[in-house]
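J.: This is the structure I have questions about; it appears just below.
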Amino acid sequence: MCRHLAWLGPPRALDDLVLAPEHGLLTQSWAPRRQRHGTVNVDGFGVGWYAAARPAPVRYRRAQPIWTDASFASLAPTVASSCVVAAVRSATVGTSADESAAAPFTEGRWLLSHNGRLEDWSGARKALREHAADVPDARTGVDSALLFGLAVARWQGGASLGEGLASATTDLLAHGGGRLTTLAADGESVAGVVCGEPLWWRREAGGVVVASEPHGPDTGPDDDLDESGWRELPDRTVFVVRPGAEPETAPL
């Protein structure tokens, strides 16, 4: 399914995070190294970031492959942010093909990206839709929208970023489950849940990057990446990054 990343730290250009790494999201759109389901991620992409002028994130999404968008390639080197969520999409059969189905999804100050799929989207929607926030991105024609709506409802109710992700994931696991790995941000912190699809993290450039797969150096899928600083998070883990603090992990 999709590939995604999140960044929290000193401001970095979108180009530096998304396009420039030797095996970043740009390369992962056509040649992912560790993707378990699907072979390419050409069904759209999106980037969300926070700017000082507004509390809500800025979002740029398209329904086309990331390498075909000359406008984003021109924009990315000129925009820097201390908090970013970005994704390239491999669409699940039966979901919308337009850019509304591309992560990250947003409401208020929150961003969310989902890598995976719901096993019983229809059944889970019938059971849980009353518990999901009725916001625009939760109404899109993609299974990730239900997960997003559930998380937003928790956040609006006062849950922390990690708590909201964990609660939404637990609810879906009780109603069909699936591969439910997520990344989220609120402009001040980043959180992730590992559930069926991997997440890796590394300290770099004074901050922390979390991603579906390491974006460098150019090592093979069986190589030991310890020397490069990448660490894989265990499955069923909640991961939270806050400024000036050690990343926190907890069981889902």
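The values are calculated or read from the model by the stated rules, or taken from the named source; none is laboratory data. None of the values given here were measured: they were computed from a predicted structure. Cβ: placed from backbone, ideal geometry, glycine included. Neighbour counts: every protein chain shown.
J.: Assuming Leu165 fulfils every condition listed in (1) within 30 Å of Gly94 (Cα to Cα); (2) modelled with pLDDT under 95 apart from one, which condition is it?
T.: (2)
J.: So which of Ser82, Ser167, Ser122 ends up being in a strand (DSSP E or B), over 19 Å from Phe45 (Cα atoms) and of a type in the set (S, T, N, Q)?
T.: Testing whether each residue is in a strand (DSSP E or B), over 19 Å from Phe45 (Cα atoms) and of a type in the set (S, T, N, Q) leaves just Ser82.
J.: Quickly run through region 133-144 and pick out the residues that are assigned to a helix (DSSP H, G or I) and touching a residue at least 24 places away in the same chain (Cβ under 8 Å).
T.: Pro136, Asp137, Ala138, Ser144
J.: From the list Ala205, Ala185, which residue is within 18 Å of Leu14 (Cβ to Cβ), surrounded by 24 or more Cβ atoms within 10 Å (Cβ to Cβ), touching a strand residue (DSSP E or B) at 6+ places or on another chain (Cβ under 9 Å) and hydrophobic (A, V, I, L, M, F, W, C)?
T.: None of the other options fit; the residue is Ala185.
J.: Further, regarding this structure: Taking into account only those residues within region 146-181 that are more than 18 Å from Leu118 (Cα to Cα) and among the charged types (D, E, K, R), which is surrounded by the fewest Cβ atoms within 10 Å (Cβ to Cβ)?
T.: So, considering only residues that are more than 18 Å from Leu118 (Cα to Cα) and among the charged types (D, E, K, R), the one surrounded by the fewest Cβ atoms within 10 Å (Cβ to Cβ) is Glu163.
J.: State all residues of region 54-108 that are touching a residue at least 60 places away in the same chain (Cβ under 8 Å), surrounded by 20 or more Cβ atoms within 10 Å (Cβ to Cβ) and aliphatic (A, V, I, L, M); if no residue qualifies, say none.
T.: Ala76, Val84, Val85, Ala86, Ala87, Val88, Ala103 - these are the residues of region 54-108 that are touching a residue at least 60 places away in the same chain (Cβ under 8 Å), surrounded by 20 or more Cβ atoms within 10 Å (Cβ to Cβ) and aliphatic (A, V, I, L, M).
J.: Report yes if Leu147 is closer than 22 Å to Ala211 by Cβ, touching a His at 6+ places or on another chain (Cβ under 8 Å) and part of a helix (DSSP H, G or I), otherwise no.
T.: yes
J.: Considering only region 1-79, give the strands (runs of 3 or more DSSP E) lying wholly within it that have at least 3 residues that are under 19 Å from Arg202 (Cα atoms) and not acidic (Asp, Glu).
T.: 3-13
J.: I'd like the residue in region 121-135 that is exposed (fewer than 13 other Cβ atoms within 10 Å of the Cβ) and either farther than 13 Å from Gly178 by Cβ or not hydroxyl-bearing (Ser, Thr, Tyr) (or both) and, out of all such residues, is nearest to the chain's Cα centre (by Cα).
T.: Across region 121-135, the extreme among qualifying residues is Asp134.
J.: Among the numbered conditions (1) of a type outside the set (A, V, I, L, M); (2) within 13 Å of the chain's Cα centre (by Cα); (3) farther than 20 Å from Ala101 by Cβ, tell me where Ser144 comes up short.
T.: Every listed condition holds for Ser144 apart from (3).
J.: Within region 27-53, count every residue that is among the β-branched types (Val, Ile, Thr) and surrounded by fewer than 18 Cβ atoms within 10 Å (Cβ to Cβ).
T.: 2
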